[in-house]
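*Asks:* My questions all concern the structure below.
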Amino acid sequence: YNEYKSYLRNVVKQNSPLCDNAASISKQIASYLSLIGCSFTFFFMMFHKKYKSFTNRLILALLLPSFIVPCTCFRKVDDQDQTNTSGVCIASAFIFNFGIVSQRLIILCVSIYLLLLVTSAPRFRYLELSFHVFIWSTALMDSLIPLYSNKYENATDWCWIKEFKFQMGCYYGPMLTFLVVEICIYAIIIKKIREEFVGADRIDPDRYAWYKKYIKPIYYYPLVNIVLAIPTTGFRVYDHFRPGNTGGKVYCTLLTLHATIFPLWGLVYSLMFLLDVDTRRLLLPSILCRDIYNASIGIVSSSRLNSRTHVF
């Protein structure tokens, strides 16, 4: 860790190749951590059947693109890709763009869901179906446009949309629009919660219990996403307006932050879910061992019952 830390300090003082290497190392480390966090959270939610709750299914949907995006961050663009875009590069760029856009759309839907919770009582079944149709169809269409126009190719350290016009139309424009809408919605949510739920545990315990069940588990997800989007957005804006300044301290710092944060969202979301009070209680060693023991007993009993049924 100390060697890596000193290496990063030297990077911001050197030229662009060292800066790119630091960003690549940080990106791969963050990708591994996100894959581990998402995999464990997937297993935990399935083991404890947390997916039965609509709120947890939204978190599960958010973890899916957060798992997909790091999978595209391990491939190193070689010299051949500089002149000839391979099929693997195009597929990686398509998956990357689909994952990033769908992740932003899920956060937007989480914000809308929170807004509906604090203003009305939504019908969860139809709302969930509408969310999924909107998220996956919009992300798919947004990612198919550059693919159909043959605009996916090498973009320095990873594969993505190369032409700025398509970047604006298929990424920057929609993502910034969604981000502004999320900030406005979240401001309304904070105002409503302060008015209706602050102190509700003393005034109306039933309403506060409803708040803890439906709102509190996903209340901070949009806020964390907005905070994490600031350095990545800052790098993209800086890189657009000062594209030639690839060896400066500001560029290297923003590039390293950008390369570290955008695959790290999966780990952050996993920690937010696992550190929830109710979830954290299930992670206690005694309870975890008890649940694993009961599950193993149930599997053995079920297999014995099936073998007896097969004999008769």
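*Asks:* Counting just the residues of segment 137-179 that are assigned to a loop (DSSP other than H, G, I, E, B) and among the hydroxyl-bearing types (S, T, Y), which one comes out farthest from C71 (Cα to Cα)?
*Replies:* So, considering only residues that are assigned to a loop (DSSP other than H, G, I, E, B) and among the hydroxyl-bearing types (S, T, Y), the one farthest from C71 (Cα to Cα) is S149.
*Asks:* In segment 182-199, what count of residues is obtained for those that are open to solvent by 60 Å² or more (accessible area, probe 1.4 Å) and either basic (K, R) or in contact (Cβ under 8 Å) with a residue 40 or more places away in the chain (or both)?
*Replies:* 6
*Asks:* Do you know which residues across segment 142-159 are open to solvent by less than 40 Å² (accessible area, probe 1.4 Å) and at pLDDT 80 or above?
*Replies:* Once the filter is applied, which keeps residues that are open to solvent by less than 40 Å² (accessible area, probe 1.4 Å) and at pLDDT 80 or above, segment 142-159 yields D142, S143, P146, Y152.
*Asks:* Also, quick follow-up: Open to solvent by 40 Å² or more (accessible area, probe 1.4 Å) and at pLDDT below 85: is that true of V237 in this structure?
*Replies:* yes
*Asks:* Which ones in segment 254-312 are modelled with pLDDT of 70 or more and β-branched (V, I, T)?
*Replies:* T256, T260, I261, V268, V277, T279, I287, listed by residue number.
*Asks:* Any chance you could count how many residues in segment 265-288 are surrounded by fewer than 15 Cβ atoms within 10 Å (Cβ to Cβ), assigned to a helix (DSSP H, G or I) and hydrophobic (A, V, I, L, M, F, W, C)?
*Replies:* Of the residues in that region, 4 qualify.
*Asks:* Okay, next question. May I ask you to list pairs of residues, at least six apart or on different chains, whose Cβ atoms are under 6 Å apart, with the first in segment 163-180 being on the phi < 0 side of the Ramachandran plot and the second being acidic (D, E) and open to solvent by less than 50 Å² (accessible area, probe 1.4 Å)?
*Replies:* C170/D142
*Asks:* Continuing with this model, one more query. Quick one: how many residues across segment 212-232 are closer than 13 Å to V268 by Cα, surrounded by fewer than 20 Cβ atoms within 10 Å (Cβ to Cβ) and of a type in the set (S, T, Y)?
*Replies:* 1
The values are calculated or read from the model by the stated rules, or taken from the named source; none is laboratory data. Just so it is clear, the structure is predicted and the values come from calculations on it, not from any experiment. Neighbour counts run over all protein chains shown; Cβ positions are idealised from the backbone, glycine included. Calculation scope for accessible area: heavy atoms of the full protein, side chains included, ligands and nucleic acids excluded. Shrake-Rupley method; radii C 1.70, N 1.55, O 1.52, S 1.80 Å.
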